[in-house]
Amino acid sequence: MTQDEVRRHLEFYRDLGIKSVYRRGARSSAPGLAPEPKTLSLPPELSVVPPLEPAHDNLLKIVQDIGDCKRCRLHEGRNRLVFGSGSEHAKLVFVGEGPGADEDEQGLPFVGRAGQLLTQMIEGTARKEGISLSREDVYICNVVKCRPPENRTPQPDEMETCGQFLYRQLLAIRPKAICALGSTAAKALLATKDGVMRLRGKWHPWRDIPVMVTYHPSYLLRPYNQNAKKEAWEDLKKVLHFVYD
Ligand code: SF4
């Protein structure tokens with residue numbers, strides 16, 4: 001493995017939230033022989049991971065690789081795996097947390113009440129801002145593809161396991177910007193402990209793609225969050241002008 005490949009793999013695992021990997025000690029040379037060149041070797045389980053960006057990766061290949069996924073415990077309670085929907089050529093990708101009951105039943109992301117609000121926000125804001133855009137033009141997916149029981153927040157190991165597919169989706173689409181909906185999406189992309197209130201409204205980098213963090217639509221559905229609704233609309237306006245102007 002070249003140093004560049006090692007660096008890219010380590011960056012990949014850092015983005016997944018894995019903070020440390022061990023390095024095998026360099027073997028000592030026999031007396032009198034020139035020292036062996038030092039190589040950075042990954043642990044065996046890391047050296048056989050699939051390449052971060054498989055050659056000519058695309059959404060179809062990623063769907064095929066996920067298959068009838070049982071890589072984490074979330075498969076146990078799902079009805080349908082929710083991969084994502086929208087255009088493979090989208091300039092903008094929205095990333096949520098995970099499927100809810102409606103999504104689990106239909107196999108599509110953001111189709112329940114929160115999804116309807118997201119559609120209204122995307123299309124309504126675009127219309128007001130004079131941008132021709134419908135939901136089908138963007139891509140929408142989640143950090144985890146299977147519904148967590150009782151709609152609980154996905155656990156770190158579930159996010160790590162499923163995150164590889166999210167990253168491949170983003171790298172295959174290569175949008176101009178990503179909009180992270182809520183703190184789980186922000187954590188998955190930015191490896192931060194900061195909450196949405198601190199992160200929202202500003203651009204953050206995920207690799208070379210700018211990320212805007214804003215509130216998850218389900219948070220905006222709560223009646224006492226009117227102020228957050230205004231802020232989310234402001235965030236979205238910023239994203240739409242950045243991507244489509
Ligand atoms: S959440 Fe992701 S990793 Fe876990 S079973 Fe579903 S598709 Fe597989």
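Could you tell me which of the pairs K145/K193; K61/K91; K70/K229 are separated by over 28 angstrom between their Cα atoms in the structure shown?
K70/K229, as the Cα separations exceed 28 Å there.
Which is farthest toward the positive dipole end of the stretch 196-245 among L221, W233, V211, measuring Cα position about the Cα centre, with Cβ charges +1 (Lys, Arg) and -1 (Asp, Glu)?
My answer, from the dipole projection, is L221.
Sorted by accessible area with a 1.4 angstrom probe, largest first, how do E160, E103 fall?
Largest accessible area first, the residues go E160, E103.
I want to check the label-to-label distance for D208 and D245. Put each point 7 Å from Cα in the C-beta direction and report it in nm to one decimal.
Here the modelled spin labels are 2.3 nm apart.
What does the convex hull of the Cα atoms come to per residue for the stretch 141-183, in Å³? Walk me through the numbers on the way to the answer.
Numbers: hull volume 3.2 nm³, N = 43.
Spread over its residues, the Cα hull of the stretch 141-183 gives 74 Å³ apiece.
For the stretch 60-140, what is one quarter of the convex hull surface built on the Cα atoms, given in nm²? Walk me through the numbers on the way to the answer.
On the way: hull surface 23.0 nm².
Value for the stretch 60-140: 5.8 nm².
Please express the shape of the stretch 99-226 as an equivalent ellipsoid: the semi-axes are the square roots of 5 times the eigenvalues of the C-alpha gyration tensor, given largest first in whole angstrom.
Working: eigenvalues 86, 70, 52 Å².
Calculated on Cα positions only, the semi-axes equal 21, 19, 16 Å.
Taking every Cα atom in the stretch 172-236, find the radius of gyration and the maximum pairwise distance Dmax, and write them in Å.
Using the Cα atoms of the stretch 172-236, the pair Rg, Dmax is 11.8, 38 Å.
The values are calculated or read from the model by the stated rules, or taken from the named source; none is laboratory data. Keep in mind the model is a prediction, meaning the values are calculated, not measured. Backbone-built Cβ (ideal geometry, glycine too); neighbour counts: all protein chains shown. SASA here: full protein model, heavy atoms, side chains in, ligands and nucleic acids out. Shrake-Rupley method; radii C 1.70, N 1.55, O 1.52, S 1.80 Å.
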